[in-house]
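To keep things clear, I will list the structure first and then write my remarks on it.
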């Protein structure tokens, strides 16, 4: 009986200890009030956590641990601002973080190597691509469950819900096509071929047996009327009419184009071409190239100021460099080198357009570009390998 | 699953505490009622404590289950091949005067030990990262690292066959050049480059009397006994300063790599083969008999605004010899401007040079290439030379580069150009060229070339000619 009592006591003490530890761990987060409208969320791949930065003061507010070896790739705030959806790439999970308690509230097991995703406008659904097994997980964000896994993709890399949740588009980087998915049936309704790389493959099959650079992203115009899908191998951009899901125009751009980025006024799409290190400017009304500007090596993203008159491309060659463009005059507006051997990842423009936050994985930093002056400041020691940034109400992309 | 475990365990625990039918059945029927009554009153007295104890036990079990669950999750995550990723990171740190280091700025910006001010600095540190890596990723990273440290080797081979017809002798001539290109990075942001070349054959120029060169790739390096010679065509080191705005190159240079450049007409191995369209004939002192600009020790400095303007200057000794270093050098400067016209990028250049050789001439020139739509590029050059004991000379050329309209052949191109120049002997030379280049594979291209020389200026050995037709076939391999 004494042994029994002792074990009971021991259990109770253990329980109290566990409770205290949990409480202490949670305290800093519970005490923190996060305003998702002014907070930048930085996904740190190698420390497997999310760093929160106050965009008013550029101070680090705190970090949300996601779990060991999660190696998250990107995150996105749900439209109601209450939760954060995270792709837990190396643990094959989708994670939901409650932004009130700053805790992971759901770990949804999905396919292998989830990286990119998009959330529907009403915040109920998400499509998350599992790169390794070529599937797309359909997530119910209300219940925190995977409701369906759509098969048959080749490296599903880019996702875009149209406004109103009627339809979504999924691009495959391991193929040269975009799939249109109806949001009601969650089935692939159409597969749309992009570019003419099949001709190139017939001439030089060796090249395509070693590597494919397909469609990184289906980028909708701001009104959702067209999708701009860029094919890396053919150097072409297909303009897809979203009412008919037909390619209405194919535009030749530079070599190895990455993806299209829409200007905030909706008049232009900018395409960084990593092969010939140029940036193509496409007029979305004419659906034609209006300028080809000098770019840089390994460009991973393009952001804009509030007016859409200025653009910033991020290049990671020997130097991490911010390339500046004047879109009014369609010309280069300078370059700013951030440092040697920096690997610049992706960036977020604040909804007011005054600042751009750029993740730099090599030096664990986030660089802040002040768009009025083009001055750049640095927030150091953000976490290990900051990879992606996100903010409520901001244009979202990853690479 | 965890909930089921708790329920089963709790039921067992309650059963053992409160007793079950087996306990009752083990006693005799007479004493059972009394014992039962006594036990019930004892149990009632200790019940609240027992329930609390059970609850505590349950909480402990719950904590244990949670621990087990997290361990299980951990094991699951480690079931695949995991090797901790290793990276060298640039980190920020704050250092006190006496060397204490912090990874974030201490309160008040002062050292907590001695209140000395802290200074922020950047440092490099090797870190082990908790990243699950596939073996292929590890191998790829190692290979990339190795390749950065090696000398990179490129090979370029060009073969040209040309048949002359019309005025003058009808002859078939073959020419080939072979270049081995070496690059290495001796220091950060610094590149070493060397081009070792062998050329066999002089093309049709020695017997047609062209001064601008009907084959700018020709110029045999063979000895008189037909043995091939290999020469060092270029060997230089380049580095960048001021965030890449200033580029410096020093060594044995081909200055046409930096001046009078043109995206449509600047490469005899893949674009126009006539020297008239590779560079402005008045740009510099050509090697006698061929279209080459002489390569020699020199220096090039370029300032790029990264907006629309670029500036460059070059200095080169007048001969490819170290003993010529003290002599008046060849000097050249160029201003470049890029803009958007006709929905396309246009590059415009203005250059001026002074020849430091025996014939000290001066020349200025303009040069442009302009996209006009997605398929068409136009180019033009004009140059004017004065001094040097010669009469004033002009040279100009205009042409088009047309990208393949076939989507299946995006790298194929057709070129058409016409050029005119006043030669040193005072005679005019003008010619047109049409070529079409097919890419058979990424590394192998074939070009069909047609040249028509309306007038060739001739020289001391060959009289001037009019109406010379040259048809040619060019193959180029590039790795």
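What follows is calculated from the coordinates using simple rules that are stated; it is not laboratory data. Computed from a prediction, not measured in an experiment: that's the story for all the values here. Every residue, glycine among them, receives a Cβ derived from its backbone with ideal geometry; neighbour counts consider all protein chains shown.
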Report summary line: Taking every alpha carbon pair in the range B:166-248 and sorting the distances into 5 angstrom bins from 0 up to the bin holding the longest one, the percent per bin comes out as 3, 12, 16, 15, 13, 10, 10, 9, 6, 3, 2, 0
Report task. Would you compute the Debye intensity of the range A:69-209 from its alpha-carbon atoms alone, equal scatterers and no solvent, and pass along log10 I(q)/I(0) at q = 0.19 Å⁻¹ to two decimals? Result -> -1.04
Query raised in the report: Based on the alpha-carbon gyration tensor of the range A:152-283 and its eigenvalue square roots a ≥ b ≥ c, which shape applies: rounded if a/c is under 1.5, prolate if not and a/b is larger than b/c, or oblate?
Result: oblate
Query raised in the report: Applying 1/(1 + (r/R0)^6) with R0 = 30 Å to the Cβ-Cβ distance of residue A:209 and residue A:340, what FRET efficiency is obtained, to the nearest 0.05?
Result: 0.25
Requested in this report: Identify the residues of the range B:350-369 with backbone N under 20 Å of a label point that sits 7 angstrom from the Cα of residue B:321 along the Cα-to-Cβ direction, or state none.
Outcome: B:355-361
Query - Linear extension gain, residue B:143 paired with residue B:444, 0.36 nm per residue minus alpha-carbon span - result: 105.7 nm
Query - Quotient of C-alpha Rg and 2.2 N^0.38 Å, computed over the range A:245-399 - result: 0.99
Requested in this report: Between residue A:290 and residue B:54, with labels modelled 7 Å along Cα→Cβ, what's the label distance in nm to one decimal, could you check?
Outcome: 7.7 nm
Report summary line: Rounded to one decimal in Å, the inverse mean reciprocal Cα-Cα distance for the range A:331-382, i.e. its Kirkwood radius, is 11.6 Å
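Can you sort B:113, A:395, A:357, A:312 by how many other beta carbons sit within 10 Å, fewest first?
So the ranking, lowest neighbour count to highest, is B:113, A:395, A:312, A:357.
Please report the relative contact order for the range B:426-479, taking Cα pairs under 8 Å with a sequence separation of at least 6, and give it as a percent rounded to a whole number.
Values: 102 pairs, mean separation 19.2, N = 54.
Worked out over the range B:426-479, it gives 36 percent.
Applying 1/(1 + (r/R0)^6) with R0 = 35 Å to the Cβ-Cβ distance of residue B:414 and residue B:328, what FRET efficiency is obtained, to the nearest 0.05?
Using R0 = 35 Å, I get an efficiency of 0.20.
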Report task. Using just the alpha carbons, could you tell me how many Å³ per residue the convex hull of the range B:149-192 encloses? Result -> 81 Å³
Report summary line: So the FRET efficiency between residue B:339 and residue B:454, C-beta based with R0 = 51 Å and rounded to 0.05, is 0.90
Query - C-alpha center-to-center spacing [the range B:138-194, the range A:345-389] in angstrom - result: 40 Å
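For every helix of n ≥ 4 consecutive DSSP H residues, a contribution of -39,500 (n - 2.57) applies; sum these over the protein assembly as shown, divide by its total residues, and give [θ] at 222 nm rounded to the nearest 500 deg cm²/dmol.
The helix contribution divided over the protein assembly as shown gives -5000 deg cm²/dmol.
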Query raised in the report: What shape does the range B:331-479 have by the C-alpha gyration tensor, where a ≥ b ≥ c are the square roots of the eigenvalues, rounded means a/c under 1.5, and otherwise prolate means a/b greater than b/c and oblate the rest?
Result: oblate
Report task. Quick one: angle between helix A:2-31 and the longest Cα principal axis of chain A, in degrees between 0 and 90, rounded to 10, please. Result -> 40 degrees
Report task. Note down the relative contact order for the range A:276-399 as a percent, whole number, built from C-alpha pairs under 8 angstrom at least six residues apart. Result -> 17 percent
Query raised in the report: Which distance in nm do the two modelled labels at residue B:227 and residue A:306 give, with both placed 7 Å along the Cα-to-Cβ direction?
Result: 7.7 nm
Report task. Apply the Debye scattering formula to the range B:408-467, with a single equal point scatterer on each alpha-carbon and no solvent, then give log10 I(q)/I(0) at q = 0.26, 0.28, 0.29 Å⁻¹. Result -> -0.99, -1.08, -1.12
Query raised in the report: Separation of the range A:79-108 and the range A:129-153 by C-alpha centroid, Å?
Result: 15 Å
Report summary line: For the range B:149-304 the translational diffusion coefficient, Stokes-Einstein from a Kirkwood Rh over Cα pairs at 4 °C and viscosity 1.567 mPa s, in µm²/s, is roughly 76 µm²/s
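Please state, as a whole number in µm²/s, the translational diffusion coefficient that the Stokes-Einstein equation yields for the protein assembly as shown at 37 °C and 0.692 mPa s, with Rh defined as the Kirkwood radius across alpha carbon pairs.
Taking Rh from Cα pairs, D becomes 103 µm²/s.
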Report task. Classify chain A as rounded, prolate or oblate from the Cα gyration tensor: take a ≥ b ≥ c as the square roots of its eigenvalues, call it rounded if a/c is under 1.5, otherwise prolate when a/b beats b/c and oblate if not. Result -> prolate
Query - Gain in span if fully extended, residue B:46 to residue B:71, counting 0.36 nm per residue against the direct Cα distance - result: 5.3 nm
Report summary line: Placing each pseudo-label 7 Å from Cα in the direction of the beta carbon, residue A:198 and residue B:394 end up separated by a distance in nanometres of 5.4 nm
